[in-house]
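Coordinate-derived values only; no laboratory data. Model, not experiment: these values are computed from the prediction. Here Cβ is always computed from backbone atoms with ideal geometry, including for glycine, and neighbour counts include all displayed protein chains.
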Amino acid sequence: MLEVRGLVKSFGGVKASNNVSLSVPEGRITSLIGPNGAGKTTLFALITGFHKPDAGSVHFLGEDITGLPPEKIAQRGMVRTFQIVQPFAGQTVRENIAVGAHLHVQSRADALEKAEDVAGKVGLGDRLDMDAASLTVAGRKRLEVARALATDPKLILFDEVLAGLNPSEIRDVIPVIRAVREEGVTILLIEHVMQAVMSLSEHTWVLNQGALIAEGTPADVVGHPLVVEAYLGKGMAERIAKREAHHA
Amino acid sequence: MKQLVLLGLVFAVIGLAPFVISSEFTLNLVIMVLYAALLGQAWNILGGYGGQFSFGHAAYFGTGAYTVAVLQVQLGINPWLGLVAGGVMAMLVAAFIGFATFRYGLRGSYFALVTLAFAEVLRILSNSVPFTGAGVGILIPLDQSAANFQFASKQGFFWVIWVMTLAAFATVWWIGKSRFGAQLMAVRDNEDAARALGVEAFKVKMGAIMLSGLFSGLAGVFYAQYFLYLDPYIAYGPAISIESLLVPIVGGLGTLFGPLLGAIGLHLISEATRELIGDLPGISLVIYGIVLVIMVLFMPRGLAGLVRRLWPKPAPAKAQATEGGHA
Ligand SMILES: Nc1ncnc2c1ncn2[C@@H]1O[C@H](COP(=O)(O)OP(=O)(O)OP(=O)(O)O)[C@@H](O)[C@H]1O
Ligand SMILES: [Mg+2]
């Protein structure tokens with residue numbers, strides 16, 4: 001449903017995205033992992049129109065959307081959330097979510113009603129009249145999810161919606177993400193919480209220094225020598241292999 | 001809905017003024033408060049609800065004022081037609097400035113400075129082209145008749161400004177209850193997040209600046225007919241731009257009634273200083289500056305915020321106070 005081909009983006013000297021190609025299948029949860037600064041958020045920004053790629057293309061639902069602005073891409077059914085949450089501060093949770101709902105709903109009353117509905121789904125039903133700015137970190141992450149969901153997307157890109165949550169909050173949010181998929185929404189997520197990646201996604205891509213270095217099921221990928229090196233440093237894979245051979 | 005009832009009530013009470021006030025001086029004061037509320041509400045649409053702080057609303061005000069004056073004096077066109085033309089011209093100027101700034105993503109202080117520059121360019125232009133009367137200004141000949149948008153009594157002017165101001169307030173009420181308004185406030189509070197949710201930020205801002213320009217232009221038309229004299233400094237000078245932004249900042253940014261509260265508050269202050277210090281030239285700008293500093297430092301939510309604090313609205317059990325766009 002989403003086809004990314006050869007995306008390149010440099011910031012000054014840094015190649016934040018280096019010839020990245022991937023293909024997201026419809027109806028699944030897939031994921032993107034990689035160490036800090038690997039270029040994951042940049043890739044999301046390139047796909048959703050927040051950055052213009054230096055080279056490469058993005059196709060969504062069979063159409064070329066490379067270079068389209070974010071609002072046009074959202075209108076076609078692909079939305080992203082922000083790693084650094086971006087609430088409409090000063091507006092209530094209900095009003096925040098209604099902005100998403102308004103994408104396809106003209107009437108204010110209907111949008112507010114839909115917001116209530118969506119808030120219930122992500123577990124914000126008891127905080128509808130709270131100022132979004134006074135939510136906890138976990139609450140704000142849920143709000144990011146809710147706003148995106150309210151646009152009735154076909155594909156959602158979640159950028160670290162679990163980061164900053166404690167283990168019990170993570171356990172609460174994982175079923176929410178699953179429920180989104182059950183409703184027929186395709187999900188691509190960026191996540192550092194490996195427990196979540198393992199339990200949620202069927203397929204994962206690993207990004208390091210802007211380039212894809214591995215892909216496969218999460219279980220396969222974490223043992224991949226290049227991935228171990230990317231996370232733990234050069235030579236680490238070899239040392240681990242040696243130690244394991246020694247113990248055997 | 002409650003807000004609409006309150007709005008109707010407030011304007012009904014204001015509408016009693018010509019029946020209960022016999023002094024021309026006092027009625028003039030009410031007219032000037034309505035006129036300031038109109039200017040302020042116009043600015044509030046773009047600045048308060050859209051978060052785009054313009055320092056150059058004189059561009060729209062002056063265009064409305066000059067349009068009605070020039071059409072009348074140079075071409076003999078009836079000022080009631082001039083009113084329509086003035087509103088439309090102001091809106092077109094707003095569309096032009098909006099396009100030139102929003103297209104290139106100007107925000108914050110850059111937007112403010114560019115709008116100021118546009119107003120100054122228009123001031124200099126009107127100071128040099130002949131058909132505006134250049135630096136000498138333009139005098140609309142006295143010819144008092146309702147058909148000529150010149151009323152012998154203040155009552156006629158009162159009803160014109162009452163209708164204009166009511167229209168601006170009704171528009172802002174609608175903004176608070178519509179998809180357009182929700183999207184405008186979303187752009188104000190976080191443009192990237194709004195765009196990520198499919199909001200066409202550019203179009204929404206264009207809509208806001210054009211509505212804002214329209215009502216500023218109407219205030220300009222009213223000014224021209226009420227005082228029958230314009231010059232480049234009156235029409236396009238910084239005083240109007242400052243008054244436009246001061247009224248809603250004092251009253252409460254992004255609130256429906258803020259500009260009315262601000263207009264009343266500022267007029268009370270300026271009347272009081274006139275009583276105390278007399279008519280020193282430039283004193284009003286000094287006072288305005290002091291008021292602005294006090295408001296920004298101590299009452300960022302303006303008089304509407306103060307009203308809300310004194311009479312909090314009965315909130316649902318778990319809800320917290322929410323003031324964004326609802327005072
Ligand atoms: N707007 C920008 N301007 C300049 N450099 C940028 C910009 N955005 C990202 N970068 C750089 O690009 C690289 C990739 O950053 P990115 O935020 O995509 O990483 P990430 O994989 O999302 O990291 P994290 O896990 O910490 O969120 C980094 O070196 C970063 O400093
Ligand atoms: Mg990131």
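Observations, loosely collected:
- Its alpha carbons considered, segment B:58-205 gives a radius of gyration followed by a Dmax of 18.7, 56 Å.
- Among B:GLY282, B:GLY76, B:GLY87, the residue with the largest mean-square fluctuation in a Gaussian network model of chain B, with springs joining Cα atoms closer than 10 Å, is B:GLY282.
- Peptide A:95-101 is shielded by partner chain Cβ atoms: per residue, an average of 6 of them sit within 10 Å of its Cβ.
- Within the straight-line cut-off of under 25 Å between alpha carbons, the lysines reachable from A:LYS72 are A:LYS9, A:LYS40, A:LYS52, A:LYS114, A:LYS141, A:LYS154, B:LYS177, B:LYS203, B:LYS205, sequence neighbours fewer than 8 places apart in one chain being disregarded.
- Comparing Cα centroids, segment B:62-103 and segment A:32-70 end up 44 angstrom apart.
- Order of B:VAL163, B:VAL199 - criterion: other Cβ atoms within 10 Å of each residue's Cβ, fewest first: B:VAL163, B:VAL199
- Extreme residue, positive dipole direction of the protein assembly as shown, given options A:LEU143, B:SER54, B:ASN28 (C-beta unit charges): A:LEU143
- Distance cut-off 16 Å, percentage of C-alpha pairs in segment A:6-125 lying past it: 69 percent
- When each full DSSP H helix of chain B is screened for a Cα extent of at least 24 Å along its own axis and an average Kyte-Doolittle hydropathy of at least 0.5, the helices passing are B:24-47, B:79-102, B:108-128, B:154-176, B:201-227, B:258-277.
- On Cα atoms only, tilt of A:236-247 relative to the major axis of chain A in degrees: 60 degrees
- Within segment A:17-41: backbone nitrogen closer than 17 Å to the A:GLU3 label point (7 Å, Cα to C-beta): A:20-27
- Phi to ³J(HN,Hα) by Karplus 6.51 cos²θ - 1.76 cosθ + 1.60 over segment A:152-165, Hz, x for Gly, Pro: 6, x, 8, 9, 10, 9, 9, 9, 6, 6, 9, 4, x, 9
- Ordered by the number of other Cβ atoms lying within 10 Å of each residue's own Cβ, fewest first, B:MET91, A:MET194 fall into the sequence A:MET194, B:MET91.
- Pairs of Cα atoms farther than 22 Å apart, chain A, %: 55 percent
- Distribution of pairwise C-alpha distances over the protein assembly as shown, 20 Å bins, in %: 19, 43, 26, 10, 1, 0
- Folded to 0 to 90 degrees: helix A:137-149 orientation relative to chain A principal axis, Cα: 70 degrees
- Each residue in B:TYR236, B:TYR60, B:TYR288, B:TYR49 was given a count of other beta-carbon atoms within 10 angstrom of its own, and listing them fewest first yields B:TYR288, B:TYR49, B:TYR236, B:TYR60.
- Percent antiparallel among DSSP beta bridges (both partners in the protein assembly as shown, rounded to 5): 60 percent
- Between B:GLN150 and B:SER145, the built amide H atoms are under 5 Å apart, and every one of these is 5 or more places off in sequence or on another chain.
- Gaussian network model of chain B, Cα within-10 Å springs - most flexible of B:ILE21, B:ILE269, B:ILE45: B:ILE21
- Over segment A:2-247, Cα pairs under 8 Å with separation of 6+ residues give a relative contact order of 25 percent.
- Principal-axis tilt of helix A:167-182 within chain A, Cα atoms, nearest 10 degrees: 70 degrees
- Amide hydrogen proximity for A:LEU32: with H placed 1.01 Å from N in the peptide plane, the residues at 5 or more positions away or on another chain lying under 5 Å are A:LEU189, A:ILE190, A:GLU191, A:TRP205.
- Among A:LEU32, A:LEU207, A:LEU226, residue whose mean-square fluctuation peaks in a GNM of chain A (springs only between Cα atoms under 10 Å): A:LEU226
- Simple Cβ-charge dipole of the protein assembly as shown, Lys/Arg +1 and Asp/Glu -1, about Cα centre, in debye nearest 20: 380 debye
- Couplings 3J(HN,Hα) of segment A:184-191, computed from phi: x, 8, 7, 10, 10, 10, 9, 8 Hz, in residue order, whole Hz [Karplus 6.51 cos²θ - 1.76 cosθ + 1.60, θ = phi - 60°; x for Gly and Pro].
- For chain B, the Rg and Dmax computed from alpha carbons only, in angstrom: 19.4, 65
- Mean projected area (nm²) of the alpha-carbon convex hull when segment B:195-319 is viewed from all directions: 11.6 nm²
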